[in-house]
Amino acid sequence: MANLQTNFAGIKSPNPFWLASAPPTNSGYQIMKAFDAGWGGAVWKTLGVPVVNVSSRYGSLNYRDTRMMGFNNIELITDRPLKDNLREIEEVKKRFPNHAVIASLMVETKEEWHAIMRDVTNAGADGVELNFGCPHGMCERGMGSAVGQEPKILKMIVEWVKEVATIPVIVKLTPNISDITRLAVAAVEGGGDAISLINTIQSIIGVDIDNFVPYPIVDGKSTNGGYCGPAVKPIAMNMLKNCAQHPQVKIPISGIGGVENWRDAVEFILLGASSVQVCTAVMHYGFGIIREMILGLEQYMDEKGFKTLDDFRGKALPNIVHWEDLNMKYKVVADINEDKCIGCQLCYTACEDGAHQAIGLSDDLLNRKPHIIEENCVGCNLCSVVCPVEDCITMQRKDDGKENITWKERTLAGDIPETFNDELAGGLHHWVPEPVDALSKKIPLHYKVK
Amino acid sequence: MSEYKTPQTEEEFEKNFSQIKPLMSQTEAYYESSRCLFCYDAPCVNACPTGIDIPLFIRQINAKNEMGAAKTIYDSNYFGYACGKVCPTEVLCEGACVYNHSDVMPIAIGRLQSFATGKAISNDKKFYTLANSNGKKVAIIGAGPAGISCACELRLHGFEVDVFEAKEKPSGLTVHGVAPYKITNDEALNEMEYLQKQFGYKVHYNKTITTKEDIALLEKNYDTIFIAIGLGKTSDLKIKGEELENVFGAVEFVEQLRMNHHKITVPKKVVVLGGGNTAMDAASECARMGAEVILAYRRSKEEMPAYNFEYELAKTVGVAGMFNFTPVEILGNGKVSGIKLKSADGTEHTLNCDWVVKGTGQTKQLDLLNLIGELKTDEKGKIIVNEIFQTTNKKYFAAGDAVSGGQEVVNAVANGKKAAIAIVDLLK
């Protein structure tokens, strides 16, 4: 039976699912409700000098019938007095001693950092998370991502905190930087016990095209916000991977960014996360999503024979190599399952217009099922990802698996194109139609702009 | 016992005849449009007689450009709203949807179409700028789908158009002959008003063309005449008792129902004869009016020309089917009291009933057609036209049921427009 017990840099929780520091962790009420529902931990809404917020605060990126595929906010840190938050932290810890309560912090001066560290430690917090990521509102005041984007300042503040810390210190990193590992290394150098990433991405979520103002609208004006939700997951995972693979970053990582089901959590753990933090999905569906996450994770671990999270943490990392180390002899081509094909021809038009003209249509108008022109297929996957039918287009391996030559090896052997018209150009002998053939191509009546 | 209580008020009528393709809400349209795959060479387009760019208008709805969607529809089909509601989409666009091949519900194309065009109608959105008058005049006989479609297209190209309509309302079968649960009178007439406002053709209501003089006048005053007169009254069965009171033609019954709703009285027991879509409509409607209905068809169920979904619909409202029964005699003393049917094995059966409704085909309006010189019809009385819908008398074009013998509204709309395009080419 899978054991989800988590020990994150000394912070223990019954499972790796934590609520991220955000509106769902604004109060003891919400956090108790979440723990009661099954969440393992919660990072309290960032504490500091209370703010005053504006209305409205959130914007959503909807994709077709999917709401909140992406989400942004211009809400700031807590607007509640510190003493109220401390009292509630104490109350939650008393009621849920085995759950992780982490206080997110954001203050300015060394004295303030020392004071608030003492306060949250006395209140019983299991750890702290330094909010160096907030990309809106706070950074203009010299906090949040303003300090988080400067590795030297980040390191200095971590050092201040560590001077007085008796509980683990997590440093939350901002993605609004070209190389996040510089921040991770600075956090390590400052003595941080762990890092968490990513905070939100600076964004404009959308524009009201009738009133010429972006969302969310505050009396006819808007401002950049922090972007999160399922759409940021690929960005978060890449940054997680970069940190997890970095030789100087040996401290635990809490993964954040678009996690909403067990599968997302498994992906993050396979990329090196020791816990995952969730916000947008809870803001969308409520705390109840935890039951699907826990059941799914347990089932996955049982099926794979993983007893603890350590058994598969980082298991995908060795399989992420540099492009130049990929096997150039590996060759797949697409295969269309005719029995499953429904004849939408999306693969045809995607390949014809967006890739390598490697899919053909039948001359028989009654046969709508496209076919692969194998000699043109470069094995790019596009057709298989646009196909709306489950498992209809699959990629079939064509090489014999015996050869393995990487770009690095070819470079060393001098077997790479080096001049503009080099005979070694990869596409040199690949068939492409003549440009003017485009104008005589048989297309449906409605294909063009009228 | 009938499943439906006889409606006494308009509200009760509307309840019994609630729309089978109700208008979509904004939310429903948004979610439904999201499902469209945007197929390449989309089969739904190819299945539409008017060739509407369906993937485009659905994508426009999804991108919250409902007016753009409505224009896409009207560019191909002037009866965009009505067709969305009355088309047999199950066998046309929606029947062709690739989702059918993966056991996923096909896109509700008809309802999306009515959603978008309905927005344009209620906003009175003007899409078209008419060409300057070219001085040419066309007379159109019949303000049904073929006639109005032709009128719109001709006006777009600067023709002066007069439509002569025998009835007091436009849109032909859309308001007079389609089952009320497919489209309401208001819906059909609102679209007609919207089109007339935009295209500015004149319609002369209650104006029948019945004499040689009428024809001569048209020929004198107009460069071309377009015949879109549809079909005539229900054909006679030529059996005994057909003259009795309470024997009705199906089209005549449907028209009465469309015009008078709950004010017409349908008796307890009705026998509907026939296996076509009009018979199905009449049977369904009698059942929804509270009658017990038996549908008797002279051949097998499989041989019925009606769409399968229409028979299924009739069954769901309580219509019972009897197959391989041929009517022999309508019984009664002054009024209908029953009908004698002969089964395939030759045995005779008598059913007691209060009404007999004949859904057994319509006549052609040969009285009118015979007034026109050199205009030829085929052996079934259908007007003979060439590929550009020109009749054997070169001054006349024709389309719609008078040419096809009875098709869908959408076919009449498509061909009325094609005829107009031919007239434009010929007279410009």
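Tabulated data
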item: Radius of gyration and Dmax over the Cα atoms of the protein assembly as shown, both given in Å; result: 36.6, 111
item: Percent of beta bridges antiparallel (DSSP, the protein assembly as shown, rounded to nearest 5); result: 40
item: Peptide B:39-48, shielding by other chains (average Cβ, 10 Å cutoff); result: 6
item: For chain A: relative contact order, % (alpha-carbon pairs under 8 angstrom, 6 or more apart); result: 13
item: Within straight-line cross-link reach of A:LYS110, lysines at Cα separation under 25 Å, skipping those fewer than 8 residues along the same chain; result: A:LYS45, A:LYS83, A:LYS152, A:LYS155, A:LYS162, A:LYS172
item: Loop sites in the stretch B:165-239: chymotrypsin sites (Phe, Trp or Tyr not before Pro), DSSP, at most 14 other Cβ within 10 Å; result: B:TYR205
item: Chain B: equivalent-ellipsoid semi-axes (sqrt of 5 x gyration tensor eigenvalues, Cα, Å); result: 35, 29, 19
item: Antiparallel bridge percentage (DSSP; both residues within the stretch A:6-319; nearest 5); result: 40
item: Karplus 3J(HN,Hα) series, Hz, for the stretch A:419-433 with 6.51 cos²θ - 1.76 cosθ + 1.60 (x for Gly, Pro); result: 10, 4, 10, 4, 5, 8, 3, x, x, 4, 9, 8, 5, 10, x
item: Lys pairs, the stretch B:270-415 - Cα-Cα below 19 angstrom, 8 or more residues apart or on other chains; result: 14
item: Links that overshoot a 29 Å alpha carbon limit, given the list B:LYS21/B:LYS64; A:LYS221/B:LYS71; B:LYS182/B:LYS238; B:LYS85/B:LYS233; result: A:LYS221/B:LYS71; B:LYS182/B:LYS238
item: Where trypsin sites (Lys or Arg not before Pro) fall in DSSP loop in the stretch B:87-147, at most 12 other Cβ within 10 Å; result: B:LYS126
item: Shape of the stretch B:13-55, Cα gyration tensor, a/c cut at 1.5; result: oblate
item: Over the stretch B:155-277, relative contact order from alpha-carbon pairs under 8 Å, at least 6 apart, %; result: 31
item: Distance between the stretch A:318-377 and the stretch B:293-359 - C-alpha centres, whole angstrom; result: 56
item: Listed residues A:ILE102, A:LEU382, A:LEU197: farthest to the positive end of the dipole of chain A (Cβ charges); result: A:ILE102
item: For A:TRP262, solvent-accessible area (1.4 Å; no DNA, RNA or ligand), Å²; result: 60
item: DSSP bridge pairs, the stretch B:293-415: antiparallel proportion in percent, nearest 5; result: 80
item: The stretch B:222-236 and the stretch B:396-428: distance between their alpha carbon centers, rounded to Å; result: 12
item: Candidates per trypsin sites (Lys or Arg not before Pro) in the stretch A:279-352, loop by DSSP, up to 14 other Cβ within 10 Å; result: A:LYS307, A:LYS329
item: Nearby lysines by direct alpha-carbon distance to A:LYS304 (threshold 27 angstrom, same-chain neighbours under 8 apart not counted); result: A:LYS12, A:LYS233, A:LYS241, A:LYS250, A:LYS315
item: Ranked by how many other beta carbons lie within 10 Å on average, peptides A:93-101, A:146-154, B:267-275, A:420-428 from highest; result: B:267-275, A:146-154, A:93-101, A:420-428
item: Modelled FRET efficiency - R0 60 Å, A:HIS429 with B:GLU14, Cβ distances, 0.05 increments; result: 0.30
item: Heavy-atom SASA rank of A:HIS322, B:HIS261 (probe 1.4 Å, accessible area, largest first); result: A:HIS322, B:HIS261
item: Cα gyration tensor shape of the stretch A:296-450, rounded if a/c is under 1.5, else prolate or oblate by comparing a/b with b/c; result: oblate
item: Computed Kirkwood radius, in angstrom, where 1/r is averaged over Cα pairs of chain A; result: 24.7
item: Candidate aspartates and glutamates for bridging to A:LYS369, where Cα separation is under 20 Å - those fewer than 8 sequence places away on the same chain excluded; result: A:ASP335, A:GLU338, A:ASP339, A:GLU352, A:ASP353, A:GLU390, A:ASP391, B:ASP41, B:GLU94, B:ASP103
item: Relative contact order (percent, whole number), the stretch B:20-122, Cα cutoff 8 Å, 6+ residue spacing; result: 35
item: Note, ³J(HN,Hα) from phi for the stretch A:4-21, Karplus 6.51, -1.76, 1.60, rounded to Hz, x at Gly and Pro; result: 8, 3, 10, 10, 10, 6, x, 8, 9, 8, x, 7, x, 8, 10, 7, 6, 5
item: 3J(HN,Hα) from dihedral phi, the stretch A:374-381, Karplus parametrisation 6.51/-1.76/1.60, rounded to Hz, x for glycine, proline; result: 4, 5, 8, 6, 9, x, 7, 5
item: Coarse-grained scattering of the stretch B:273-428 at q = 0.12 Å⁻¹, given as base-10 log I(q)/I(0) from a Debye sum over alpha-carbon atoms; result: -0.68
item: Folded to 0 to 90 degrees: helix A:233-245 orientation relative to chain A principal axis, Cα; result: 70
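The values are calculated or read from the model by the stated rules, or taken from the named source; none is laboratory data. These figures come from a predicted structure and were not determined experimentally. Counting neighbours? That spans all protein chains shown, and the Cβs are built from the backbone with ideal geometry, glycine included. Calculation scope for accessible area: heavy atoms of the full protein, side chains included, ligands and nucleic acids excluded. Shrake-Rupley method; radii C 1.70, N 1.55, O 1.52, S 1.80 Å.
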